[in-house]
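The values are calculated or read from the model by the stated rules, or taken from the named source; none is laboratory data. Not measured: the values here are computed from a predicted model. Glycine gets a Cβ as well: all are built from the backbone with ideal geometry, and neighbour counts include every protein chain shown.
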Amino acid sequence: MRGLKHGLAAGLSALMMAACGGQQASGDQVLLGRLFDARSGAMIKQGVVVISGERVVCSGARPDCAWDDRAEIHDFGEATILPGLIDLHVHARAHYAAAFPASGVTTVRDANNTFESLGAIRRAPVGPRLIASGPMLDSSDSVIAPMSATAGRLGEHPIDTIMPIFVDDAASAEAAVDALAEAGADHVKIYETIGEDAFRAAADRAAEHGMPVMADIGTVLTRGLTMARLDIVQIAEAGADTVEHMSGLALAYQRRGGDPLDEMLDDAILDAIADDLLASGAAFVPTLANGHQFSGTGELDADGFDGASRMAPHMEGQWSAIRGMAEAIRPRTLADRRLSEAMLVRLIEGGALIGAGSDIPAAPGMLPGAGLHMELEALTLAGFGPDRALQAATVNAARIIRRDDLGHLQPGAVADIVVIDGDPLSDIRATRRVLAVWQAGEPLDVAAAWDGAAADFEAAMQAYQAEARGEG
């Protein structure tokens, strides 16, 4: 059975079990300001967080905590203290690793990468906590095959460089998951064209290893109606812990008699699909901002980030190519948005677990770090309250990655903290105004991190352009 069905992992450290209760907290740093309680979704106007080493030892309203005179006090006045944000769907690279913590995104879940690349990201001087799948699993019909020189079956390339791994039956799927577990993957990603037997075998073997499964089996925009073999209900029932991009929804809708491209959706079909999904216990990472950007609605932007203006020019070539296809792909992108947003309403009402992910750097106009803040805004535009949007990137996200010491600031939590200028419950775009960041109790020099991120990004893009010109 999937881990999410069992709720949070049992217990934290002894620190988590103890309440502050106004008692003396032996902390070395104290943060004062407005405090967002991620678990309840409430804002504490006169809040405090006390840190000792890498952990939170007390938090809440100021009368709830006491501390000795030797602690370093950081008084942020009316600014808001949040748990470090978690981006549940990224395609990370070492040259933009620093952009995540500089934006207040202290943890990312990577979705398909070589172990070689993951090592480079982890060696970056500044970067997020990395929860990684390693190379994803797909069938030998994968659209990725022509794009990757190291795509292939297990053993055809070294485990450090293979991506993706082809699995066409149960035995190869089980062997691939075993190899991922041995290599240190945290979870398993399954992609679009995989067959049912291979999917079930991979999910079952991942559960034996205690590894969650994230699945992207295609949308209307991609290959969800052309190459995918499984729909959203099938993967949820077969053991997907999280469904990415609401993938497989269009195929399920079509298989039940609906037309995914029709502007008028059939409520009865959507209700039936929602019932099946809620019964499965799966969680969902909808990546709504991607849909906004691909459909060219202009509702979202990356304004408000110190490093964004320096990185964006290097992405314009890729973005322009996508924008050039905007008119041709708009019917498909709008179909995905309609289906996703209509289904999310039903899933939220049914109590499904929803997490926030950006899918950086897939869509035009979205940048590392900034993309998650755009996703928070997209969630509010889809009907989430700001409190629920923040929970999707904090406590809900922590549940999805099975880390009960992240995503909140209760005693015992890892002291990943972001301080923002303003009240995000009044204006979700306040999360973009990052004033300070702590990673595992260590304060980050945010300005220096942005300088490093922009410089690394510029150097990587220049190297790529030189290679493309044959100069490398």
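Brief remarks follow.
- Selection status of ILE73, crowded, with 22+ Cβ neighbours inside 10 Å, closer than 22 Å to ASP37 by Cα and either more than 17 Å from the chain's Cα centre (by Cα) or at pLDDT 95 or above (or both): no
- Criterion applied to GLY357, GLY371 was being assigned by TED's automatic domain parsing to the domain that holds ILE269, in contact with a strand residue (DSSP E or B) (Cβ under 7 Å, 6 or more places away or on another chain), buried (at least 24 other Cβ atoms within 10 Å of the Cβ) and in a loop (DSSP other than H, G, I, E, B), and the one residue passing it is GLY357.
- From the options ALA250, ALA274, ALA176, ALA236, residue that is buried (at least 24 other Cβ atoms within 10 Å of the Cβ), touching a residue at least 60 places away in the same chain (Cβ under 8 Å) and assigned to a helix (DSSP H, G or I): ALA250
- Evaluation of ARG109 against (1) touching a Leu at 6+ places or on another chain (Cβ under 7 Å); (2) among the charged types (D, E, K, R); (3) assigned by TED's automatic domain parsing to the domain that holds GLY452 (one fails), failing number: (3)
- Only a single item in (1) over 25 Å from PRO212 (Cα atoms); (2) β-branched (Val, Ile, Thr); (3) surrounded by fewer than 24 Cβ atoms within 10 Å (Cβ to Cβ) is not met by ILE121, and it is number (1).
- The residue that is nearest to ASP241 (Cα to Cα), among those in region 35-70 that are of a type in the set (D, E, K, R) and at pLDDT 95 or above, is ARG39.
- Some residue of region 401-411 being surrounded by 19 or more Cβ atoms within 10 Å (Cβ to Cβ), among the small types (Gly, Ala, Ser) and either at pLDDT 95 or above or within 22 Å of ASP241 (Cβ to Cβ) (or both): yes
- Verdict on GLY441 being surrounded by fewer than 19 Cβ atoms within 10 Å (Cβ to Cβ) and either out of contact with any Leu (no Cβ under 7 Å at 6 or more places or on another chain) or in the same structural domain as ALA352 (by TED's automatic domain parsing) (or both): yes
- Any hit, region 131-142, residues being at pLDDT below 95 and of a type in the set (S, T, N, Q): no
- Just one of the listed residues (ALA363, ALA436) is more than 12 Å from LEU85 (Cβ to Cβ) and either within 14 Å of the chain's Cα centre (by Cα) or not in a strand (DSSP E or B) (or both), and it is ALA363.
- Count of region 277-314 residues which are over 21 Å from GLU341 (Cβ atoms) and either touching a strand residue (DSSP E or B) at 6+ places or on another chain (Cβ under 8 Å) or in contact (Cβ under 8 Å) with a residue 60 or more places away in the chain (or both): 11
- Qualifying residue in region 419-428 (condition: outside the structural domain of THR333 (by TED's automatic domain parsing), among the hydrophobic types (A, V, I, L, M, F, W, C) and in contact with a Phe, Trp or Tyr (Cβ under 7 Å, 6 or more places away or on another chain)): yes
- Selection of region 30-65 for residues being assigned to a loop (DSSP other than H, G, I, E, B), buried (at least 22 other Cβ atoms within 10 Å of the Cβ) and out of contact with any Pro (no Cβ under 9 Å at 6 or more places or on another chain) yields only CYS65.
- Test result for ALA207, among the aliphatic types (A, V, I, L, M) and either in a loop (DSSP other than H, G, I, E, B) or under 17 Å from LEU137 (Cα atoms) (or both): yes
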